[in-house]
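The values are calculated or read from the model by the stated rules, or taken from the named source; none is laboratory data. Predicted model only: the values in this text are computed from it and were never measured. Cβ placement follows ideal geometry from the backbone for every residue including glycine, while neighbour counts extend to all protein chains displayed. Areas reflect the complete protein model, heavy atoms only, side chains present, ligands, DNA and RNA absent. Shrake-Rupley method; radii C 1.70, N 1.55, O 1.52, S 1.80 Å.
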Amino acid sequence: MSKSTDELFKNVISHAKEYGFVFQSSEIYDGLSAVYDYGQNGSELKNNIKTYWWKAMVQMHENIVGIDSAIFMHPTIWKASGHVDGFSDPMIDNKDSKKRYRADQLLEDKIERYSKDGKTEKAEKLQYDMDEALKGENLARLRELIIEHEIADPISGTRNWTEVRQFNLMFSTQMGAIADEADVVYLRPETAQGIFVNYLNVQKSGRMKIPFGIAQIGKAFRNEVIARQFIIRMREFEQMEMQYFVRPGTQREWFDKWKETRLKWHLALGTAPEKYRYHEHTKLAFYADAAYDIEFEFPFGFKEVEGIHSRTNYDLSQHQKFSNKKMQYFDPEVDPETGKPYGNYIPYVIETSIGLDRMFLLTMINAYEEEDLSTEEKQDSRVVLRLHPCLAPVKAAIFPLIKKDGLPEKARQIMDRLKVDFNLQYEEKDAIGKRYRRQDAIGTPFCITVDHQTLEDDTVTIRYRDTMQQERVAVADLDKIIGDKVSWKNLLS
RNA sequence: GCGGAAAUAGCUCAGUCGGUAGAGCAUCAGUUUCCCAAACUGAAGGCCGCGGGUUCGAAUCCCGUUUUCCGCUCCA
């Protein structure tokens, strides 16, 4: 990371706090690690990003519908999805090599070696001890076994081990008043499962025909081992996911289509294309048959913003198995090869999953500019957020040029009419130039100034954030001028 | 989780040898009425992250802890 980009990132974080975009959670109590709150401008920006996504995905596609599923779900769902077993391994670190191992894996290796060396008795004894420890979830016992059997790190060769810890990325809590094993529920680690378990409900009640999609925006929770880099990795975060259900065999074609469609969505905001790249997963997760990430070049390097995964029929098949409910879809369309309908099958799924918080950060970084406005006479600069007008938290600010002569009253009148349609701010404090700069800092695309001439001919000046140019326009035309620039048509057509 | 660094006003940061905290910007009120950070006057804002210890005395030294950043690690 070069000094200047490092500096830039720090400045964006400071700016985000100073102007009410992002605060650390529970700051007055020293903060809560890797949890953040969105402030008055941040929540507006975040909502606008959500709206852009929702409109692009749901509203613009006749065959995609949205849902809003609960964060709590039946615990068995997480067994079916692989989240319970797949990420609750006992881990141990070697302090010298700084490598992390699965404790049971280390013991298994040792058992194998005992067997090979003909020490069958020892092998059996260790196997028994280990099974007992695992069954009882006795982590301390697992560590004892590693120490007792003098297991050394294959890299460092030392036996300088940490405690054995259970890493489970899911947060759990109890449902019901009495704490009981059976009442454990998890906070969802992804929103996708809420879509899968509702797939039949939506398909039937919405009379959806394949291919169709179900979209959802919502919070997800992961108890990350380490969470850093501001809001890049948070313990509580928000995802915007769409699962697209397709006929088996067509997944590649839809995968390619969504891969392109999603990148276009990003680029429509005006981001330089070289800031984005695809990253192909070479090592695929157990449920996937293809996976690409859309990565953005953050100041600290390219990071995943969105994943497009071909999830096969893994999730639906698993839910069919665990719930004993048929997850199949009857496809009446005629297969040209056989001349018969495609019939019953479990659909394949293409997933697009974007991290809303990362998208938010990306948008802030992209928009942030420290502009040098110095002339020969004086030094001058401004911080401006060049947000797309559709995303800007405040669409326009209305200023009386001065605080008297009836100008504030006139400005209020205009404000009252426009605020029905647009999120506006009114300011009369300080010199006009300062007010302009304050709006630049939060990315407001327009500033409307009411001056003495306004009282005579009902015209105002409108000042553009990006060019700092001003124009004199009729008050009556303001709705259209602002409306045109902040219309979603600019992004969706 | 390991190693390193840091934490002082809303933001960016000073703070000497251990002697009870400052600046710039920002904020608020007033004067001024001006189209790109104007000026002037005034005000508010800090248990120096938190908890211990050493000391007559700690923002400063020591220990612990929390949070943040960097590297490694992790990320079904």
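So, taking all protein chains as they sit and a 1.4 Å probe, how much accessible area belongs to A:His279, in Å² rounded to tens?
80
Considering the dipole of chain A built from charges on the beta carbon (Lys and Arg +1, Asp and Glu -1) around the Cα centre, which of A:Thr449, A:Phe21, A:Pro347 is farthest to its positive end?
Ranked along the dipole, the leading option is A:Pro347.
Can you give the FRET efficiency to the nearest 0.05 for A:Asn490 and A:Asn324, using r as the Cβ-Cβ distance and R₀ = 51 Å? Don't skip to the answer; put the middle values down first.
Details: r = 49 Å, r/R0 = 0.96.
The formula returns an efficiency of 0.55 here.
Sort A:244-250, A:270-276 for me by packing, meaning the mean count of neighbouring Cβ atoms within 10 Å per residue, highest on top. Intermediate results must be reported in sequence, preceding the final value.
On the way: A:244-250: 18.6, A:270-276: 12.7.
Final packing ranking: A:244-250, A:270-276.
Only Lys, Arg, Asp and Glu count, each charged at its Cβ (+1, +1, -1, -1), so figure out the dipole size of chain A about its Cα centre, rounded to 20 debye. It would help to have the intermediate numbers written out before the result.
Numbers: 69 positive and 79 negative charges, 120 e Å.
In debye, rounded to 20, chain A gives about 580.
Angle between the Cα long axis of helix A:251-267 and the longest principal axis of chain A, 0 to 90 degrees, nearest 10?
The helix A:251-267 is inclined about 40 degrees to chain A.
Test of understanding: what is the full-extension gain from A:Ile481 to A:Lys209, defined as 0.36 nm times their sequence separation minus their Cα-Cα distance?
On the way: separation 272, 0.36 × 272 = 97.92 nm, distance 4.11 nm.
In short, 93.8 nm is gained.
What is the packing order of peptides A:109-119, A:440-450, A:209-219, A:141-151, taking the mean over residues of other C-beta atoms within 10 Å and listing the highest first?
On the way: A:109-119: 13.8, A:440-450: 23.6, A:209-219: 20.2, A:141-151: 16.5.
The packing order, highest mean first, is A:440-450, A:209-219, A:141-151, A:109-119.
Tell me which lysines have Cα within less than 25 Å of A:Lys204's Cα, excluding those fewer than 8 residues away on the same chain?
Candidates past the 8-residue exclusion: A:Lys55, A:Lys321, A:Lys325, A:Lys326, A:Lys340.
Tell me, what are the semi-axes, in whole angstrom and largest first, of the equivalent ellipsoid of region A:387-492 as set by the roots of 5 times the Cα gyration tensor eigenvalues? Numbers along the way, then the final one.
Details: eigenvalues 91, 46, 27 Å².
With the √(5λ) rule applied to region A:387-492, the semi-axes are 21, 15, 12 Å.
Is the shape of chain A best called rounded, prolate or oblate, per the rule: a/c under 1.5 gives rounded, else a/b larger than b/c gives prolate, else oblate, with a ≥ b ≥ c the square roots of the Cα gyration tensor eigenvalues? Kindly include the intermediate steps, with their values, before the conclusion.
Numbers: a/c = 2.59, a/b = 1.67, b/c = 1.55.
Prolate is the answer for chain A, as a/c is 1.5 or above and a/b outweighs b/c.
Using the Cα gyration tensor of region A:437-488, with a ≥ b ≥ c the square roots of its eigenvalues, what is the shape: rounded (a/c below 1.5), prolate (a/b larger than b/c) or oblate (neither)? Intermediate values should be presented prior to the final figure.
Numbers: a/c = 2.49, a/b = 1.35, b/c = 1.84.
Here region A:437-488 falls in the oblate category.
Angle, helix A:407-418 long axis vs. longest principal axis of chain A, Cα atoms, 0 to 90°, nearest 10?
In chain A, helix A:407-418 runs at an angle near 50 degrees to the longest axis.
In chain A, what percent of the accessible surface is made up of carbon and sulfur (1.4 Å probe, ligands and nucleic acids excluded)?
48
Using only Cα atoms, tell me the angle between helix A:40-54 and the longest principal axis of chain A; keep it within 0 to 90° and round to the nearest 10.
70
May I ask which residue of A:Gln216, A:Leu269, A:Thr250 lies farthest towards the positive end of the charge dipole of region A:215-348, with charges of +1 (Lys, Arg) and -1 (Asp, Glu) on Cβ and the Cα centre as origin?
Highest projection toward the positive end goes to A:Gln216.
For chain A, what is the mean residue ellipticity at 222 nm derived from helices alone (per DSSP H run of n ≥ 4: -39500 (n - 2.57); sum divided by total residues; nearest 500 deg cm²/dmol)? Don't jump to the answer; show the numbers that get you there.
Values: 17 runs with 174 residues, N = 493.
Taken over chain A, the calculation gives -10500 deg cm²/dmol.
Tally Lys and Arg at +1 and Asp and Glu at -1 over the other residues with C-beta under 11 Å from the C-beta of A:Ile414: what net charge comes out?
Details: positive: A:Lys410, A:Arg412, A:Arg417, A:Lys419; negative: A:Glu409, A:Asp416, A:Asp458, A:Asp479.
Around A:Ile414, the charge tally is 0.
At a Förster distance of 45 Å, what's the computed FRET efficiency of A:Val420 paired with A:Glu27, Cβ-Cβ distance as r, to 0.05? Walk me through the numbers before you get to the answer.
Numbers: r = 35 Å, r/R0 = 0.77.
It comes to 0.80.
With a Förster radius of 22 Å, plug the Cβ-Cβ distance of A:Glu304 and A:Glu108 into 1/(1 + (r/R0)^6) and report the FRET value to the nearest 0.05. Working shown, then result.
Details: r = 32 Å, r/R0 = 1.47.
Rounded to the nearest 0.05, the efficiency is 0.10.
Just to verify a number: what accessible area does A:Val420 come out at with the full protein assembly present, 1.4 Å probe, Å² rounded to tens?
Surface open to solvent at A:Val420 totals about 120 Å².
Aspartates and glutamates near A:Lys79 by alpha-carbon distance under 17 Å, same-chain residues fewer than 8 away left out - which ones?
Reachable aspartates and glutamates: A:Asp89, A:Glu181, A:Asp183, A:Glu190, A:Asp315.
How much length, in nm to one decimal, is gained on full extension between A:Thr282 and A:Asp183, taken as 0.36 nm per residue of separation minus their Cα-Cα distance? Each step should come with its number before you reach the end.
Details: separation 99, 0.36 × 99 = 35.64 nm, distance 3.88 nm.
Difference between extended and current length: 31.8 nm.
What accessible area per residue, rounded to a whole number of Å², is obtained for chain A using a probe radius of 1.4 Å?
Working: 25140 Å² over 493 residues.
The answer is 51 Å² per residue.
Extending each Cα 7 Å along its Cβ direction at A:Thr375 and A:Ser14, get the distance between those two points in nm, one decimal.
2.8
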